[in-house]
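Once you've had a glance at the structure underneath, I'll fire off some questions.
Computed from the coordinates by the stated procedures, all read-outs in this text should not be read as laboratory data. All of these numbers come straight from a predicted model, not from anything done at the bench. Here the Cβ positions follow ideal geometry from the backbone for every residue, glycine too, while neighbour counts run over all protein chains shown.
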Amino acid sequence: MRGIDKHFGAVKALTDVDFWVSEGEVVALVGDNGAGKSTLVKVLAGVHPPDAGEILFDGDPVHITSPADAQELGIATVFQDLALCDNLDVVANLWLGRELTTEGRLDEVGMEQRTWALLRELAAKIPSVRTPVASLSGGQRQTVAIARSLVGEPRVVILDEPTAALGVAQTAEVLNLIERLRERGHGVVLISHNMADVMAVADRVVVLRLGRNNGEYHAADVTSELLIAAITGAVDNSVSRRQALRREEPATTTDATVTPLTPRGRRRPDGGAP
Amino acid sequence: MSLDEPEREGVRAAAVRVWGRVRGGDLGALPVIVGLALIWTVFQILNPVFLSSRNLVDLTMQCAAIGTIALGIVVVLLLGEIDLSVGSVSGLAAAILAVAFVQLRWPLLVAVLIAVAAGCVVGILYGLLYTRFGLPSFVITLAGLLGFLGLQLWVLGDAGSINLPFDSWIVQFAQHAFLPDWASYALVVAATAAFAWTLAGRSRRRAAANLDSQSYRAIALRGALLLAVLLPAAWYLNQSRGVGVMFLLFLALVVLLHLALTRTRWGRAVYAVGGSVEAARRAGIRVERIYLSVFALCSSLAAVGGVLAAARLAAANQSSGAGDTNLNAIAAAVIGGASLFGGRGTAFAALLGVIVIQSISSGLTLLNLNSSVQFMVTGVVLVLAVTVDSLSRRTRVAAGRA
């Protein structure tokens, strides 16, 4: 995605944002509330068409004007609310909208078989695929939602805050799942507020701030403090001050230790709003 | 129960599973069957005629029309919507049938088809109002209740009441068509065989696919249970006039709808929309089409019910479909176990529910109580049924099965 602009009335949600993801790569998209993460993802998922800029897929410019377009290209999105039907079982949820049929009748055996295969590939722990989704835990529901996004064999999977409502153990399971998606060769876009999760699984971290790119880092050589600085727009912010107080030593991280991948000249260490 | 250790579920395991479901608040048909047993016992004690085969034959015949209407209500309830106008629509269909056949002298089959088609058009109209303008179905169909009652009166015109000739096939069908004894037994055996054959086929396919499956013993047991219910029932009805063909038509519609709901993509979509509209929409289901088809199906079934009622009465008049038709049909669906909250229930809810409703009505009539008591008792039973629905829903939430 290059130079994406999106505005809602007078509100500029995205200004000249660049973003890309390759196959077998986990890119974390981070930013404060209202930074434009969700809007950017919705542009990619076809919920909101962009006002300006272009989207390239395999190097070819494409137009994504509806969720169906995105799905056809192979972009699957797992939204934060998961969008599962509580009254249906795991198999029915996984294949909802694209059920397998034989002679017009549902092919329950085929669907259940492939559900097991998919869940085993993800090493997911689901007690039974024939219980209603309502009886599953938060992590299991997240697993079902992610498995569902894989049914159409997408190239890119977008996960919107997959760990937001989960406990510690369940979060770890979802992080394992994300790594398995990478191993399967999917490009993964991970939206998250949780720096620990981002540092744990992401290959690359893209920071948005006030609807603009605000830095891009290799996850291997960046610290949470630096990311928080990029997100809030200041090295000296309430979060780092708090951490500094705890450790009783000043926040020593400096920008000099890490070079941003794409120094686009937009980073404002002083935190000034554009 | 995982793929790695496929197992054939035995009889004991099945019993344990069913008990676990009941404890988790997934009551299924249990409350209705218990309630029905209670109702039958009470009425039998009060009046020994109640469980006579003669009265039960009448009961089955009374069930057909209201049951068919309730079938439509079940589908609408599955979406979490409601249709309050089924009574008026059934009355309208009866009026159209009578006017077209008796006054305009059209062929009977044409008149029947036009009456049902009129119901379908009404449903499509509801569906369009719902999907295009987002009106609540409650309001649309409340307007329909009045509007189509007016249309029914207008169609009937000055006549007010039109009798259908007794020698027409539809009246013969509704009043005098009964299966010969041997045919009813043959049908019971054939139905049980088909049921067991389907289960065995599924079990074989699942075993071949390395999934856990039912053991043949469990299947045989279920088949035997079905036979043990149907065979004495047929025998008992045969002591009087026998199994009515109109009742069979209703049973066939129930089974047909059950298959459509459980074996087709359309049925899966109906449950999905009833569970979560937004999730269904994001899964690529054309939600508008589902709403449209369900409203059309409900009104069409209401029209079929109206035609059956007119045929049984051999007349269409200003009170066809009026009075308690509407609420009886809705009550039947709810009592049978179709949840008002959407996404839960089966086609068999209409069958069980209508038997309960008609049992109450028949029993109270036998006791010579007037309709005031009948209305009150039906009202109490409806509240009880919805309470069971609500409570079992709460238990399900507590047990994590919502």
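To the nearest 10 degrees, how steep is helix B:245-263 against the longest Cα principal axis of chain B, on a 0 to 90 scale?
Roughly 50 degrees between the two axes.
How crowded by other chains is A:151-159, given as the mean number of beta carbons from other chains within 10 Å of each beta carbon?
If you average over the peptide's residues, the count of other-chain Cβ atoms is 0.
To the nearest 0.05, what FRET efficiency results for A:Thr223 and B:Arg17 with a Förster distance of 41 Å applied to their C-beta separation?
Plugging the Cβ-Cβ distance into 1/(1 + (r/R0)^6) gives 0.20.
Size of the range A:85-152 along its principal axes in angstrom, Cα-based, largest extent first?
36, 25, 18
Residues of the range A:112-138 with the amide nitrogen closer than 11 Å to a label point 7 Å from the Cα of B:Arg205, along Cα-to-Cβ, please.
Residues passing the 11 Å test: A:112.
Where Rh is the Kirkwood radius over the Cα pairs of the protein assembly as shown, the temperature 20 °C and the viscosity 1.002 mPa s, what D in µm²/s does Stokes-Einstein return?
Diffusion coefficient, whole number: 75 µm²/s.
Moving on. At a 10 Å Cβ-Cβ cut-off, how would you order B:Ile66, B:Ile360, fewest neighbours first?
The fewest-first ordering by Cβ neighbours comes to B:Ile360, B:Ile66.
Hey, what number do you get for chain B at 222 nm if only DSSP H runs of n ≥ 4 count, each worth -39500 (n - 2.57), divided across all residues, to the nearest 500?
The per-residue figure over chain B is -25000 deg cm²/dmol.
Calculate the mean, over all residues of peptide B:269-282, of how many other protein chain Cβ atoms lie within 10 angstrom of the residue's Cβ.
6
According to the square roots a ≥ b ≥ c of the eigenvalues of the Cα gyration tensor, what is the shape class of the range B:157-211, taking rounded for a/c under 1.5, prolate for a/b larger than b/c otherwise, and oblate for the remainder?
Because a/c hits 1.5 or more and a/b fails to exceed b/c, the range B:157-211 counts as oblate.
Out of all DSSP beta bridges with both ends in the protein assembly as shown, state the antiparallel percent to the nearest 5.
Of those bridges, close to 50 percent are antiparallel.
Still on this structure: For A:71-84, what's the mean count of beta carbons from other chains sitting within 10 Å of each residue's beta carbon?
The shielding value for this peptide is 2.
Taking 0.36 nm per intervening residue step and subtracting the Cα-Cα distance, what contour gain separates B:Asp167 from B:Leu113 on full extension?
Here the segment from B:Asp167 to B:Leu113 would lengthen by 17.5 nm.
Then there is this: Please work out whether the range B:112-252 counts as rounded, prolate or oblate from its C-alpha gyration tensor, where a ≥ b ≥ c are the square roots of the eigenvalues and a/c under 1.5 means rounded, while otherwise a/b larger than b/c means prolate and anything else oblate?
Here the range B:112-252 falls in the oblate category.
Could you please report the charge total around B:Gly274, scoring K, R as +1 and D, E as -1 over all other residues with beta-carbon less than 10 angstrom from its beta-carbon?
Cβ neighbours under 10 Å give a net charge of 0.
Spin-label point model (7 Å from Cα, Cβ direction): what's the A:Trp20 to A:Thr101 distance in nm?
Calculated label separation equals 4.2 nm.
For a Förster distance of 51 Å, can you work out the FRET efficiency between the beta-carbons of A:Leu56 and B:Val386, rounded to the nearest 0.05?
Computed FRET efficiency for A:Leu56 and B:Val386: 0.35.
Separation of the range B:102-132 and the range A:78-148 by C-alpha centroid, Å?
40 Å
Sticking with this one: For the range B:282-382, restrict the atom set to alpha-carbon positions and state the Rg and Dmax in Å.
Cα only, the range B:282-382: 16.2, 56 Å (Rg, Dmax).
Related question: Net charge near A:Gln80, counting Lys/Arg +1 and Asp/Glu -1 over other residues with Cβ under 15 Å of its Cβ?
Within the 15 Å Cβ shell, the charges total 0.
Here is a further query. Once you sort the root eigenvalues of the Cα gyration tensor of the range B:205-283 as a ≥ b ≥ c, which label holds: rounded (a/c under 1.5), prolate (a/b larger than b/c) or oblate (the other case)?
In terms of gyration-tensor shape, oblate.
Under 17 Å between alpha carbons, and skipping anything fewer than 8 positions from A:Lys12 in its own chain: which lysines qualify?
By straight Cα distance, A:Lys12 reaches A:Lys37, A:Lys42.
Next up: Between the range A:215-233 and the range B:138-206, how far is it from one alpha carbon centroid to the other, in angstrom?
69 Å
Give me the extension gain from B:Ile45 to B:Trp106: residue separation times 0.36 nm, minus the current Cα-Cα distance, reported in nm with one decimal.
Contour length minus Cα-Cα distance gives 17.0 nm.
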